[in-house]
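Asker: One structure follows; several queries about it will come next.
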Amino acid sequence: MLTPVWKRRIEHWRRVMCELFYTELGEIKMEGFVTDEQLTADEAAKKKYFKPFKAGDMWGAKWQYAWFRGKAKLPAEAKGERIVARCNVGAECAIYLGTEATGAAYGFGLSVGASDRCHKEILVSKKGTPGAGFGIMIEGYGGHGPTPCGNGPVPHGVESVPEPPAKQRTMGTSTFGIWHEDLYQTYMDFTTLWHVRNNIDKESLRVSKIDDALKEFTNIVDLELPMPELLKAAKKGKALLKPLLDCKNGSTAPVMYAFGHSHIDVAWLWPLRETESKCTRTFSTQLSLMEEYPEFKFLQSQPHLFWMVKCKYPKLYERVKAAVKKGQIVPEGGMWVEADTNVTGGESLIRQFIHGKRFFKEEFGINSEMMWLPDVFGYSGSMPQIMVGCGIKYFSTQKIFWTYSGGPVFPYNTFWWEGIDGTRILAHFHNDYNSEISPDKVIERWNERVQKDGIDARLFPFGYGDGGGGPQRNHLEFIRRQKDLEGVPRVKMCNPIEFFKYEDKRKETLPSYAGELYFQEHRGTYTTQCKTKLGNRRSEFGLREAEMWGSVASAMAGYAYPMAL
């Protein structure tokens, strides 16, 4: 076993290696403007309002957006190197890139991703050419002030959501530089083995072998060397670790069916127009990852979000459709939005499936077979009957396991969910829709299954969500190393339907659970929403009246009912 001294040494090596991936080559000077409008990149580029912005400048009143642009040329040191940009405008932002070759001097043609809490670098070039120019256009969201969630009680006289100041964001410094890919890849090897040894039997020969290699690695890879020499040392360190990464599992290793995911609330702590921006940031980030990782599959469940992108960002939507055709973006989830199933009525839920499935069929040629509801507040006992009637075969969530306040734990991961009329649907509960997929998390996800017997596989969504974002490079690099790595469940990148088809083969051996899937943690959630429930019911009555009298008028007076609406 490693002594505390060796453990600290290895952790220091991991920490310092992370700081050495990036060598700055220059600053990207920015100019920009602030606006109350939500513009496209093309619209923003045509504005005459751009003025210089420097680090420390404040911007962004409530609801405001800002557009920034800058350009740079690659110096001689960039020759043949992987070049990235780190854009810091003080806010989550969408980034558009252009080069001299594309003729877009300020880069407003191609949306290449985002800068947010989990994505910091944008790829400029895989092999830099000295003298080549590139331009960047950035859309940042000023925000809408504090976004408390789950706080309280609020003392008398204290505003629970105070108004934000006139300027909320502070401009940072944007730079470009060399990304030392060899050092990054070596770090991922080193970290993978570190996670493995920390999460398996400490008395095993496997841990002993890994410990010997990690200790020797810190002797070989001197992080104080000049970069050219350090990169040579890193290659030697990588070669040292390779035999341990080549070790395979035995025949009884479980399988994690993994896919990227980013839960995006259509309406939560931001306005709907910001949901549109979150969509473009998330989709463009994931599309850029797909170019480098063709095996990557990314689930996005809500047709409404695809529709938003189609209407607002048609160029991006064409790239989305191409990725769907390749099987990289997985439009699967059944409903138009990830809908509440308790407040609304059966007819509304059926329409969710009708419109959701129709959109996926007409836009992508896909017949949606799964209901994906990771973040609603309970699951009505009538849902299995509705799902089967609408052609849905499978269901997945993880929310039922979130028993923060204690109480009985739901007993199954993979099971038959039986509705109040006896209809059954094949269901699987994973554990988290905002997840890392490093070896420690993969091992943890398998070990925390509640169904210890009778299952040998689980669903594993990974990536950052709630406010969008999705997976990052680290996730995909970890998966490549964990296809069949001794000590870790096998990780298989796939469409989640593949998992359900696998489980369907042994459906007769699975347990059943009848009735409502009650989410005990969010007790009282609906009691505070009387206005919402009243508005929903009035809307349902209004729609019923409009359809009923519209149908009568159509039958009796030849009224042309507006079916498209």
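The values are calculated or read from the model by the stated rules, or taken from the named source; none is laboratory data. Small disclaimer: the values here were computed from a predicted structure and weren't measured. Here the Cβ positions follow ideal geometry from the backbone for every residue, glycine too, while neighbour counts run over all protein chains shown. These accessible areas exclude ligands, DNA and RNA; they are computed on the full protein's heavy atoms, side chains included. Shrake-Rupley method; radii C 1.70, N 1.55, O 1.52, S 1.80 Å.
Asker: In region 258-272, how many are open to solvent by 20 Å² or more (accessible area, probe 1.4 Å) and touching a strand residue (DSSP E or B) at 6+ places or on another chain (Cβ under 9 Å)?
Answerer: Counting residues in region 258-272 that are open to solvent by 20 Å² or more (accessible area, probe 1.4 Å) and touching a strand residue (DSSP E or B) at 6+ places or on another chain (Cβ under 9 Å) gives 4.
Asker: Among the residues that make up region 323-335, is at least one of them under 29 Å from PRO489 (Cβ atoms), buried (at least 16 other Cβ atoms within 10 Å of the Cβ) and in contact (Cβ under 8 Å) with a residue 60 or more places away in the chain?
Answerer: Yes, that holds for at least one residue.
Asker: In this structure, does TYR65 turn out to be under 20 Å from LEU230 (Cα atoms) and hydroxyl-bearing (Ser, Thr, Tyr)?
Answerer: When the stated conditions are applied, TYR65 does not pass them.
Asker: Residues ARG480, ARG537: which one is over 30 Å from the mean Cα position of the chain (by Cα), surrounded by 11 or more Cβ atoms within 10 Å (Cβ to Cβ) and not in a loop (DSSP other than H, G, I, E, B)?
Answerer: Only one candidate qualifies: ARG537.
Asker: Looking at GLY90, GLY131, GLY103, can you tell me which residue is in a loop (DSSP other than H, G, I, E, B), out of contact with any Cys (no Cβ under 7 Å at 6 or more places or on another chain), open to solvent by 20 Å² or more (accessible area, probe 1.4 Å) and at pLDDT below 85?
Answerer: Answer to the check: GLY103.
Yes/no per residue for (1) of a type in the set (Phe, Trp, Tyr); (2) open to solvent by less than 30 Å² (accessible area, probe 1.4 Å):
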| site | (1), (2) |
| --- | --- |
| THR280 | no, yes |
| GLU291 | no, no |
| LEU305 | no, yes |
| TYR379 | yes, yes |
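Asker: Filter region 414-428 for residues that are closer than 17 Å to GLU369 by Cβ and in a strand (DSSP E or B); which is most open to solvent (accessible area, probe 1.4 Å)?
Answerer: That would be ARG424.
Asker: OK, next. Counting only residues that are open to solvent by less than 10 Å² (accessible area, probe 1.4 Å) and part of a helix (DSSP H, G or I), which one in region 461-476 is nearest to TYR293 (Cα to Cα)?
Answerer: LEU476
Asker: If you go through region 29-51 one residue at a time, do you hit one that is touching a residue at least 60 places away in the same chain (Cβ under 8 Å) and closer than 30 Å to TRP194 by Cβ?
Answerer: no
Asker: All but one of (1) at pLDDT 95 or above; (2) more than 30 Å from GLN529 (Cβ to Cβ); (3) part of a helix (DSSP H, G or I) hold for LYS315, so report the exception by its number.
Answerer: Looking at each condition in turn, LYS315 falls short on (1).
Asker: Now for a different question. Exactly one condition in (1) of a type in the set (Gly, Ala, Ser); (2) modelled with pLDDT of 95 or more; (3) part of a helix (DSSP H, G or I) is false for GLY260; which is it?
Answerer: (3)
Asker: Inspect region 47-61 for any residue being open to solvent by 80 Å² or more (accessible area, probe 1.4 Å), out of contact with any Leu (no Cβ under 6 Å at 6 or more places or on another chain) and closer than 30 Å to TYR317 by Cβ and give the result as yes or no.
Answerer: yes
Asker: Please verify whether GLU163 is on the phi < 0 side of the Ramachandran plot, surrounded by 14 or more Cβ atoms within 10 Å (Cβ to Cβ) and in contact (Cβ under 8 Å) with a residue 24 or more places away in the chain, treating the condition exactly as stated.
Answerer: no
Asker: Going residue by residue through region 489-505, is there one that turns out to be surrounded by fewer than 15 Cβ atoms within 10 Å (Cβ to Cβ) and either in contact with a Ser or Thr (Cβ under 8 Å, 6 or more places away or on another chain) or closer than 28 Å to THR403 by Cα (or both)?
Answerer: no
Asker: Pick out the one residue from TYR559, TYR526 that is among the hydroxyl-bearing types (Ser, Thr, Tyr) and either open to solvent by less than 80 Å² (accessible area, probe 1.4 Å) or in contact (Cβ under 8 Å) with a residue 60 or more places away in the chain (or both).
Answerer: TYR526
Asker: Working carefully through the options ASP440, ASP421, ASP453, ASP466, find the one that is acidic (Asp, Glu), out of contact with any Lys or Arg (no Cβ under 8 Å at 6 or more places or on another chain) and free of Cβ contacts under 8 Å to residues at least 12 places away in the same chain.
Answerer: Residue meeting the stated conditions: ASP453.
Asker: Moving on. Considering only residues of region 360-375 that are part of a loop (DSSP other than H, G, I, E, B) and open to solvent by 10 Å² or more (accessible area, probe 1.4 Å), which is farthest from GLY524 (Cα to Cα)?
Answerer: GLY365
Asker: Select from region 483-512 the residues that are of a type in the set (S, T, N, Q) and either assigned to a helix (DSSP H, G or I) or within 21 Å of the chain's Cα centre (by Cα) (or both) and list them in ascending order.
Answerer: Matches in region 483-512: ASN495, THR509.
Asker: To continue, here is another question. Across region 398-409, what is the number of residues that are in contact with a strand residue (DSSP E or B) (Cβ under 7 Å, 6 or more places away or on another chain) and without any contact (Cβ under 8 Å) to a residue 60 or more places away in the chain?
Answerer: 2
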